[in-house]
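Chemist: Please see the structure below; I have some questions.
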Amino acid sequence: MRDDFWKDKKIIITGANGFLASHITISLLQRQAKVIGIIKEDIPLSFLNIKLKEKKYKNLKMVKGDIVNYAFIKKLFKNYKPDVCFHLAAQAIVGSANKSPIPTLKTNILGTWNILEAVRAYSSKTKLIVASSDKAYGEHKRLPYTEDAALQAQHPYDASKACADILTRTYAHTYNLAATVTRCANIYGPADPNFSRIIPDTIRSIALNKEPVIRSDGTPIRDYIYIEDVVCAYLCLAKALYLNKNNVRGEAFNFGTGKPISVLKLVRLILKLSGKNKLKPKILSKGKIKGEIDRQYLSSKKANRILRWHCRYSLAEGLNKTLHWYRAHLRT
């Protein structure tokens, strides 16, 4: 897609071979941005690696390092002084965070303040977009969540994102950094390598002609947003921040569909769309899963109003595109 705004702009993307970051990286390369992708380790089946096998981009430079290493981050921003940084590197698996919290807290909190401090000290003109999460809100009785809801996370992953969120807005307001925060609903789409997540795991089970497994009792309510809508959201927000429009500096923005669905209904929809209605979901739990929020979905009215951003894909449309991709790429 052509977008001259991004042409030749210098962009740092942390966690560039992660699920969302891969899609953003490719989208920016297609817009002729100069991308410095920061990765901790190789992920051979990432969307980024898959696309790079199809086409090489001369504007992409990959740098390997760990965001918890401040000396590495300091050197990075001191040398490159990017126009924009998308900070997306994170330990993003809720179950892993519950089992082993320290690596999650280090990466998601220490890694974020390293980025913030390096920008403040060495690259103050950089526009910074930091990925928080809907999980940062914790559990609220009032739904959908709006951006003025309290961040009252009570589990390790959720708390790590709430801390990163608060730190980013603190640096924006105290040091006048051009930084903003995204809080996204559950993102799905092509090339998600984390099969602990319900959508790719269900699709893989269907491909193997096996019953999809639901770890909970099937009743938890979530909001699922297609990855192309999220990429659009990030680019839209970054552009507004870069152009200093609409007072987005220091603000948080929700991005979701506002149309929640239970896990059981979601799995049944995937089965229907795939033509595998004969397969029945296998429900493992008779109650709630400890350490996970039961009901959660977002209002995106602030992003609709200020950024003129809206979802383009319905759940069925996004799932169909996702199913099509996995049918072409999933090795069973």
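The values are calculated or read from the model by the stated rules, or taken from the named source; none is laboratory data. A quick note: this is a predicted structure, and the numbers were derived from the prediction, not measured. So basically every Cβ, Gly included, is an ideal-geometry build from the backbone, and we count neighbours across all protein chains shown.
Chemist: With respect to the numbered conditions (1) more than 28 Å from Leu48 (Cα to Cα); (2) within 15 Å of the chain's Cα centre (by Cα); (3) of a type in the set (A, V, I, L, M), which one is the sole condition not fulfilled by Ala149?
Modeler: Against the list (1) more than 28 Å from Leu48 (Cα to Cα); (2) within 15 Å of the chain's Cα centre (by Cα); (3) of a type in the set (A, V, I, L, M), Ala149 comes up short only on (2).
Chemist: Here is a further query. Here is a check on your reading of the model: is Asp66 over 30 Å from His329 (Cα atoms), touching a residue at least 24 places away in the same chain (Cβ under 8 Å) and either in contact with a helix residue (DSSP H, G or I) (Cβ under 8 Å, 6 or more places away or on another chain) or surrounded by 22 or more Cβ atoms within 10 Å (Cβ to Cβ) (or both)?
Modeler: Values: over 30 Å from His329 (Cα atoms): no; touching a residue at least 24 places away in the same chain (Cβ under 8 Å): yes; either in contact with a helix residue (DSSP H, G or I) (Cβ under 8 Å, 6 or more places away or on another chain) or surrounded by 22 or more Cβ atoms within 10 Å (Cβ to Cβ) (or both): yes.
It is false that Asp66 is over 30 Å from His329 (Cα atoms), touching a residue at least 24 places away in the same chain (Cβ under 8 Å) and either in contact with a helix residue (DSSP H, G or I) (Cβ under 8 Å, 6 or more places away or on another chain) or surrounded by 22 or more Cβ atoms within 10 Å (Cβ to Cβ) (or both).
Chemist: Being in contact with a strand residue (DSSP E or B) (Cβ under 8 Å, 6 or more places away or on another chain) and of a type in the set (A, V, I, L, M, F, W, C) is the filter here; which residues of the range 135-149 pass it? Full working, then the answer.
Modeler: Taking the range 135-149 as the starting set, the residues that turn out to be in contact with a strand residue (DSSP E or B) (Cβ under 8 Å, 6 or more places away or on another chain) are 136-140, 143-147.
Within the range 135-149, Ala136, Leu143 qualify.
Chemist: Of the residues in the range 12-71, how many are of a type in the set (Gly, Ala, Ser) and over 26 Å from Glu117 (Cβ atoms)? So that I can check it myself, show each step before the final result.
Modeler: Let us first name the residues in the range 12-71 that are of a type in the set (Gly, Ala, Ser), namely 15-16, 18, 21-22, 27, 33, 37, 46, 65, 71.
The next check asks that each one be over 26 Å from Glu117 (Cβ atoms); those that pass are 22, 27, 46.
The qualifying residues number 3.
Chemist: Hey, any hits in the range 240-248 for a residue that's surrounded by 13 or more Cβ atoms within 10 Å (Cβ to Cβ), in a loop (DSSP other than H, G, I, E, B) and at pLDDT below 95? Steps first, please.
Modeler: Kept after step one, since they are surrounded by 13 or more Cβ atoms within 10 Å (Cβ to Cβ), are these residues of the range 240-248: 240-242, 246, 248.
Right, trim to in a loop (DSSP other than H, G, I, E, B) and you get 246, 248.
Then keep just the ones that are at pLDDT below 95; that gives 246.
Scanning the range 240-248, I find at least one residue that is surrounded by 13 or more Cβ atoms within 10 Å (Cβ to Cβ), in a loop (DSSP other than H, G, I, E, B) and at pLDDT below 95, so the answer is yes.
Chemist: Can you tell me which of Ala162, Ala191 is closer than 23 Å to Cys236 by Cβ and of a type in the set (A, V, I, L, M)? Before the answer, list the steps.
Modeler: On the way: Ala162 fails: closer than 23 Å to Cys236 by Cβ.
Result: Ala191 is the single residue among Ala162, Ala191 that is closer than 23 Å to Cys236 by Cβ and of a type in the set (A, V, I, L, M).
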